[in-house]
Structures are given as C-alpha cells and as structure tokens.
2 protein chains.
Amino acid sequence: MNFSSKLLENAVNEVSQLPGIGKRTALRLVLHLLKQPASQTHQLSASLNNLVNDIKLCKKCHNISDVEICEICANPSRNSEIICVVEDVRDVMAIENTSQFKGLYHVLGGKISPIEGIGPQNLTIDSLIEKVKEGLVKEVIFALSSTIEGDTTNFYIYKQLEKLAVKTSTIARGIAVGDELEYADEVTLGRSIVNRIPFENSL
Amino acid sequence: MNFSSKLLENAVNEVSQLPGIGKRTALRLVLHLLKQPASQTHQLSASLNNLVNDIKLCKKCHNISDVEICEICANPSRNSEIICVVEDVRDVMAIENTSQFKGLYHVLGGKISPIEGIGPQNLTIDSLIEKVKEGLVKEVIFALSSTIEGDTTNFYIYKQLEKLAVKTSTIARGIAVGDELEYADEVTLGRSIVNRIPFENSL
C-alpha cells in the first residue's frame, strides 16, 4: 500500500497488528476515526492507555480487576469451598451470566500448549495448588474448553490435586440445549450417552 | 456483559464504537493488548492521537497529507490538465497502484447521499468547479463507485461542468479481468456490449 501520509501509514500499521485485522480493515477503521471528532480518538487512546497502565490481577483468583481483591473474591456470600478453574476473564463473564455458580474462580491465564510455548510455569497452576493445600477448598471444577490443550491442562492439574483431599469435577459435555441430535458429532453424542443423568435431575 | 473491571469495560466500550466491531470482538482485541507489552498499546494510542491532531488535507486536491500540498500535487512531472475525481484517499491509493494515471486527483470526501444527510455543500465540489474555471484543466475523469450515490454525484458535477470548456469522462464499466461472463450481472454485461471498444485498443 502506498500511503499519501506517514501519519496515516503509522496509524494503519499499528492498528493492523491487532489479531484478525488486516491492512485494509485497519485503513477503514482509521479513516472512520478521521471523520469523527478528534475527541473520540482521544477517548479511545486514553481508555486503552489507562487499561494497560492501571489494570490489576486479583491476588486471589488472578482475574482482571481494578482492585487487589476482585469483587467476586471479596463477596462474603460466595461459597469459598468450591473453585471453578477457567482460562480467562471471558469464561468468568460467561459463567457469571448463567447465575448458576456461587463459588469462586481461579483464572489460569491460558492453557498448556507446547506449540505456542505455554507450559505449566506460565500459568497460575502453582497458586491454585497452594490454595487447595490450605485445606479449605472442598471441590475444584474444571471449566476449560474441550480441546486437546484444555484436556491436557485439566489432566496436569488433576494429577497434582490427586494426592490432596479435594474433590475434582469437570463441566458436563453433551448435546447443547436446542441442538438437533442428527447434527451432533459422534464424540459428543457418545459422551452424552455414557454420562447420562437421572431424568429427574434434568427437570 | 458484566465486566469485572471498570477499566476493561471502558476500553471495550470505546473500541466497540468502531464500525464493524461488536462488544465481543472489542473484548478479544482489548484482552490481546493486555497480553502484549504495555509499550505496544502506548504506540497504538500515540499513533492514533498524532494522526487526528496533525493530519492535513492537501489544499489543492483535498487528499489526506502530512503537508499543505500533497506529494502528487507537488510533483511537476504529473499532468495538471487531467483531473480524476474520487471519493476518498482509498480510491487515490487504488488508482496509484495501477500506475496507469499520471494526472492529478480531486478528493470529494464522500458522495451525495440524502439518506446520510450528505449534500453537495458537504463535499469539495465548489473547489473543483473553481479549479476548472481557471481554464487550465482540459479533462475531468469521474471515478466514483457505480452506485446510485456515485451516479448522482457524477451527474451533479457534470451539470455544473457542462457550461465550461472542459471534457468530462467516466471510467469504463464492464466485465472485470478474469471474470466469467455467465456470472456477470445483466446491467454490467449490457453496458460492456454498448460501450465496446476497438479490439486493437484492448491489446
């Protein structure tokens, strides 16, 4: 691309470093900003700078937070005996949206992935084990994506927790609510039959 | 969405104001920035702020530029007797990429669109007419998108130029190079037959 302006070129190059945004999309976004009042761009820049400068990770669950102990960990009405292990803040938000979980979270910050160079030492697994060793946690629920990386991470943590007096469980895999059986893949359908539950529990 | 952090929420809200970026995509982009060194976000913000603070429009062609007269208008080897009328900087970049045009540009800054509240007075049409009235321009080429808004804008400018001693032309509409005839729409195919050119000219 031949830009008529260095300023424009710099802005497009920076924006196109974001994941999933190519040069053309970046140019479209930047030209959009140029058509808006400059204050909108200043607000955007300020909010991004404030975020990376001032964001904290909760000292207990490692979730993204404005304060040292996040709202969920600081809430005395939450059950601190159950810990749900998730990958990142998006999973916390998704589970919170269901209103079905009243325990605490532990945010790993990723999944074990040798291809991407992420090992157990890059995640917050040690902190989870320490927490469980204190003896107050009764159950650890694994809620990672059902991928090879997710299963590997689950298994790694499970092996470490095995020797400790704590129950481990994993979220149910099965046919999504509203899905047609005929379009489900065999692995999911197979698992949903093996792990069937008493009908009364589904009411 | 329930955010665990006000800073995160603000950043996501600002990013999701960009066209084509919803809340989920904004969250993904913002979380990506959080995983990168803070300097990357600072550079991104600085380049956007610099752009909106310091960008200029070329005084002659109204294209985006770092200086008062853009590189193309300042280039003495370009033919100032031919002016190509385009919508915005992207069209200038696209035409420059072809290396087929050695004249100057005139950037309208949009198309006449009553639905979006854009009238002729919001565009740089007056400045184009003034330029032509000076008498040095021999030909004006319309290179706007082939849409209702583009055709309306072409016609509006054509009507003003009609009384002046200047040739007007429009870029050719037809079957794109590499396209299969059977998939072309009728209007394009019809026009390509009506506006056929001597075979020698296509070699």
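Could you figure out which of (1) in contact (Cβ under 8 Å) with a residue 24 or more places away in the chain; (2) outside any strand (DSSP E or B) isn't true of residue A:140?
(2)
In the list A:164, A:144, which residue meets the criterion of being among the hydrophobic types (A, V, I, L, M, F, W, C), at negative phi and either at pLDDT below 90 or over 14 Å from the mean Cα position of the chain (by Cα) (or both)?
Of the residues listed, the single one that is among the hydrophobic types (A, V, I, L, M, F, W, C), at negative phi and either at pLDDT below 90 or over 14 Å from the mean Cα position of the chain (by Cα) (or both) is A:164.
If you scan the stretch A:25-65, which residues turn out to be of a type in the set (Val, Ile, Thr) and in a helix (DSSP H, G or I)?
Those that are of a type in the set (Val, Ile, Thr) and in a helix (DSSP H, G or I): A:25, A:30, A:41, A:52.
Which residue, of A:89, A:85, is facing chain B (nearest Cβ under 8 Å) and touching a strand residue (DSSP E or B) at 6+ places or on another chain (Cβ under 6 Å)? Don't jump to the end; show me each part of the working.
Details: A:85 fails: facing chain B (nearest Cβ under 8 Å).
Only one candidate qualifies: A:89.
Can you tell me how many residues in the stretch A:1-49 are buried (at least 16 other Cβ atoms within 10 Å of the Cβ) and polar (S, T, N, Q)?
11
Can we say residue A:197 is at pLDDT below 90, open to solvent by less than 80 Å² (accessible area, probe 1.4 Å) and in a loop (DSSP other than H, G, I, E, B)?
Spelling it out, it is not the case that residue A:197 is at pLDDT below 90, open to solvent by less than 80 Å² (accessible area, probe 1.4 Å) and in a loop (DSSP other than H, G, I, E, B).
Tell me which residues, restricted to the stretch A:1-39, are out of contact with any helix residue (DSSP H, G or I) (no Cβ under 7 Å at 6 or more places or on another chain) and under 20 Å from residue B:10 (Cβ atoms).
Of everything in the stretch A:1-39, those that are out of contact with any helix residue (DSSP H, G or I) (no Cβ under 7 Å at 6 or more places or on another chain) and under 20 Å from residue B:10 (Cβ atoms) turn out to be A:32, A:36, A:37, A:39.
Which members of the stretch A:66-106 meet the condition of being of a type in the set (D, E, K, R) and assigned to a loop (DSSP other than H, G, I, E, B)?
If the condition is that a residue be of a type in the set (D, E, K, R) and assigned to a loop (DSSP other than H, G, I, E, B), then A:66, A:68, A:78, A:87, A:88, A:102 are the ones that fit.
Does residue A:109 meet the test of being open to solvent by 20 Å² or more (accessible area, probe 1.4 Å), under 30 Å from residue B:45 (Cβ atoms) and under 12 Å from the mean Cα position of the chain (by Cα)?
Yes.
Tell me yes or no: at least one residue of the stretch A:164-177 is over 18 Å from residue A:85 (Cβ atoms) and open to solvent by 80 Å² or more (accessible area, probe 1.4 Å). It would help to see each step written out before you state the result.
Of the residues in the stretch A:164-177, the ones over 18 Å from residue A:85 (Cβ atoms) are A:174-177.
Now restrict to residues that are open to solvent by 80 Å² or more (accessible area, probe 1.4 Å): A:177.
Within the stretch A:164-177 (the criterion being over 18 Å from residue A:85 (Cβ atoms) and open to solvent by 80 Å² or more (accessible area, probe 1.4 Å)), the answer is yes, since at least one residue qualifies.
How many residues, within the stretch B:1-18, are touching a residue at least 12 places away in the same chain (Cβ under 8 Å), part of a loop (DSSP other than H, G, I, E, B) and more than 7 Å from chain A (Cβ to nearest Cβ)?
Qualifying residue count, the stretch B:1-18: 0.
Failed condition for residue A:55, given (1) surrounded by fewer than 18 Cβ atoms within 10 Å (Cβ to Cβ); (2) within 15 Å of the chain's Cα centre (by Cα); (3) within 7 Å of chain B (Cβ to nearest Cβ), with all others met?
Evaluating residue A:55 over (1) surrounded by fewer than 18 Cβ atoms within 10 Å (Cβ to Cβ); (2) within 15 Å of the chain's Cα centre (by Cα); (3) within 7 Å of chain B (Cβ to nearest Cβ) leaves (2) as the failure.
Of the residues B:78, B:90, only one is over 30 Å from residue A:89 (Cα atoms), among the basic types (Lys, Arg) and open to solvent by less than 40 Å² (accessible area, probe 1.4 Å); which? Full working, then the answer.
Details: B:90 fails: open to solvent by less than 40 Å² (accessible area, probe 1.4 Å).
Only one candidate passes the filter, namely B:78.
Given A:38, A:74, which one is over 18 Å from the mean Cα position of the chain (by Cα) and either modelled with pLDDT of 95 or more or more than 7 Å from chain B (Cβ to nearest Cβ) (or both)?
Criteria check complete, one pass: A:74.
The values are calculated or read from the model by the stated rules, or taken from the named source; none is laboratory data. Because the structure is a prediction, the values reported are computed rather than measured. Cβ coordinates were reconstructed from backbone atoms using ideal geometry, including for glycine residues, and neighbour counts include every protein chain displayed. Heads up: the accessible areas ignore ligands, DNA and RNA and are worked out on the full protein's heavy atoms, side chains in. Shrake-Rupley method; radii C 1.70, N 1.55, O 1.52, S 1.80 Å.
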